[in-house]
Amino acid sequence: MATPQKVLRYSLNAAETGFDPVRVSDEYSNTVIAHIIESPLTYDYLADPPVVVPRTAEALPEHSADFRTWTVRIRPGVYFADDPAFDGKRRELTAADYAYSLKRYYDPRWKSPIYTQYREKDLLGLEALRQRSLDTRRPFDYDAPVAGLELKDRYTLSIHLGRPDPQFLLNMANPNYFGAVAREVVERYGEDVDAHPVGTGPFKLAQWRRSSRIVLDRNPGFREERFDAQPAADDAAGQAWLARHKGDRLPMVDRIEFAIIEEAQPTWLSFLTRDFDLVRVPLEFAQIAVPGGKLAPNLAKQGVTLRKVLQGDHAYTYFNMDDPVVGGYTPDKVALRRAISLAYDNNLEISRVRRGLGIPATSMLVPHTLGYDASLDFGFSEYDPAKAKALLDLYGYVDKDGDGWRDLPDGKPMVLNYYSPGSETYRQFNELWAKAMKEINVRMVFVQGLWPDQFKQAQAGSLQIWGLGNTATSPDGSDFLHEAYGPEAGANNLPRFKLPAYDELVKRVDQLPDGPERHALLKQAQSLLAVYLPIKPHVHRIRLYLSQPWLTGYRTHPFALDFGRYVDVDAAKQAAAIR
């Protein structure tokens, strides 16, 4: 009798955008990518605080004393998954694949949302190569040598930067920033390469119905990798998992099935009917799943496991600084954004919509990152409608035509357009916004659409006000300052905020190792954002994850997304439960 296949079934609450690491930046796409495409480094699955460890690299990279040169050696004997692009031959991963993949971020053809971040890191010669392609209107020259990427031998790559970057190692632990793709694959599939992710990881893409279903199968050619980890001494569950599986071959499951379900009720019901093995509990059902902060007795009786996690993230609203109504740097525009922020109650959002699953965001940095300090309060969660009204009155945002709504200082009607997805959860957020704006007599209308479409509009600068979340991808808290960093406008910097004094602070932060001097600059930068308010952080979210009893080993890592590599499924128990 054949051994039953081990299948992990999980839902994503928003649609993916694609699986080419160069062209995506959203968590949903990156969750899939992380199971297919590998970076040289990763994070220990169980270590807390997080620890960077080698993945395809032989060891952690070496760096020069000034942090301008980083050298990594790739382990021999790592192979890409089989694909027609390789003409039936096994294709070994080499240092040249990482060099090629880094060049792709600079290629204008791919319009990478990550490009501006690499431009600021100043990999020597790559910006000039990009500019040559733009000036000549010719394809990017991948064969041209550049000073920033030095292939010392088949497996060794040295990266030379134009400025110090003590945190550059963290980029090498993120497949979205440093994932290896093969040139043959990109050249074979061209614009459709995001539907053909071919990596060295434990899984390969088997099925994809856009915005509906994603299936990953075990990569039969995946190298022999054995489980090991470094859980804390007081982490009883982590220690037990290590004792049980240390030395076991990875991955332990044969298939991962992702279903995209944006609505809360079908997501929750699918878990209850055992169609999913793992679920992130929708906010609407949090009190049913975990009443009073404890797992519901009926779920506990079934053997369901709860993990409650304070995320390294923030949910936030941004204002388009190029917009004629809410944008701008003059006192009247700053006052308008400040008034909008003061009128909205972050604590009410947490209690009413998030069912208590969050803590108010008082700074731009997020939990689990270097520089985050819960005691710092820059006023982002201040709630004072009376002050908001006084500010609007002071700067001439008053009702001039008697219709009950405030107008612009020049007398023209003022209408705020808030963009959001159309799910039930977002409708509840919109109700809070509508009530808050009505209290200060500001007209706000809500424009609903699909998240991937609105994200593209946000990158193009065509949304006035938008709310979204951002999750840390590394322990470097300064990443969140880049949400308003001028040179990254239209990429990380969706509000298109441009303030030279702020940009200079961020540059200085990025060139310093973690320590008191860096932390002082982080505070200065956040103070400027609190004054100009291109972004209003709302909350740091708390997530509830439920696992069926036949799924074991699941952990929500603060930065790594490839949990499917490490979990196990008891296929017999799973089959018996879903009969």
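The values are calculated or read from the model by the stated rules, or taken from the named source; none is laboratory data. On a predicted model such as this, the values are computed, not experimentally measured, just so you know. As a convention, Cβ positions derive from the backbone with ideal geometry for all residues, glycine included, and neighbour counts pool all protein chains shown. The area values use the complete protein model at the heavy-atom level, side chains included, leaving out ligands, DNA and RNA. Shrake-Rupley method; radii C 1.70, N 1.55, O 1.52, S 1.80 Å.
Residue check: Ala65 meets all listed conditions (1) assigned to a loop (DSSP other than H, G, I, E, B); (2) farther than 24 Å from Leu205 by Cβ; (3) open to solvent by less than 10 Å² (accessible area, probe 1.4 Å) but one, namely (3).
Contact map, the stretch 393-404: residues that are at positive phi paired with residues that are of a type outside the set (S, T, N, Q) and in a loop (DSSP other than H, G, I, E, B), Cβ distance under 6 Å, separation 6+ or inter-chain. Pairs shown: Gly396/Pro409.
Checking each residue in the stretch 202-220 for being part of a loop (DSSP other than H, G, I, E, B) and touching a Lys or Arg at 6+ places or on another chain (Cβ under 8 Å) picks out Pro202, Asn219. Of everything in the stretch 405-423 that is in contact (Cβ under 8 Å) with a residue 40 or more places away in the chain and more than 18 Å from Thr317 (Cα to Cα), the residue that is most open to solvent (accessible area, probe 1.4 Å) is Pro409. Among the residues of the stretch 139-168, those identified as closer than 26 Å to Lys507 by Cα and open to solvent by 60 Å² or more (accessible area, probe 1.4 Å) are Ala147, Glu150.
Among the residues of the stretch 246-266, those that are open to solvent by 10 Å² or more (accessible area, probe 1.4 Å) and under 21 Å from His35 (Cβ atoms) comprise Asp248, Arg249, Met252, Asp254, Arg255, Glu257, Ala259, Ile260, Ile261. Taking the conditions (1) open to solvent by less than 50 Å² (accessible area, probe 1.4 Å); (2) assigned to a helix (DSSP H, G or I); (3) touching a residue at least 40 places away in the same chain (Cβ under 8 Å) in turn, Asp479 satisfies each one other than (1).
Checked against the criterion of being of a type in the set (S, T, N, Q) and part of a loop (DSSP other than H, G, I, E, B), the candidates Ser101, Ser39 yield just one match: Ser39. Consider the stretch 424-447 and keep the residues that are assigned to a helix (DSSP H, G or I), among the aromatic types (Phe, Trp, Tyr) and open to solvent by 10 Å² or more (accessible area, probe 1.4 Å). The one that is nearest to Pro282 (Cα to Cα) is Tyr426. Which of the residues that make up the stretch 505-540 are open to solvent by 10 Å² or more (accessible area, probe 1.4 Å) and part of a loop (DSSP other than H, G, I, E, B)? The answer is Gln511, Leu512, Pro513, Asp514, Gly515. Within the stretch 183-214, restricting attention to residues that are in contact (Cβ under 8 Å) with a residue 40 or more places away in the chain and polar (S, T, N, Q), the residue that is farthest from Glu16 (Cα to Cα) is Thr200.
Figure legend. Inter-residue proximity from the stretch 489-514: first residues more than 17 Å from Asp122 (Cα to Cα) and hydroxyl-bearing (Ser, Thr, Tyr), second residues at pLDDT 95 or above and not in a helix (DSSP H, G or I), beta-carbon distance below 9 Å, spacing 6+ or different chains. Indicated pairs: Tyr502/Tyr485. Of everything in the stretch 68-98 that is part of a strand (DSSP E or B) and farther than 20 Å from Leu512 by Cβ, the residue that is most open to solvent (accessible area, probe 1.4 Å) is Arg73.
Could you please let me know if Arg543 is touching a strand residue (DSSP E or B) at 6+ places or on another chain (Cβ under 6 Å), basic (Lys, Arg), touching a residue at least 40 places away in the same chain (Cβ under 8 Å) and surrounded by fewer than 21 Cβ atoms within 10 Å (Cβ to Cβ)? In short, yes. Could you tell me whether Val53 is of a type in the set (Val, Ile, Thr) and in a strand (DSSP E or B)? Yes: the conditions hold for Val53.
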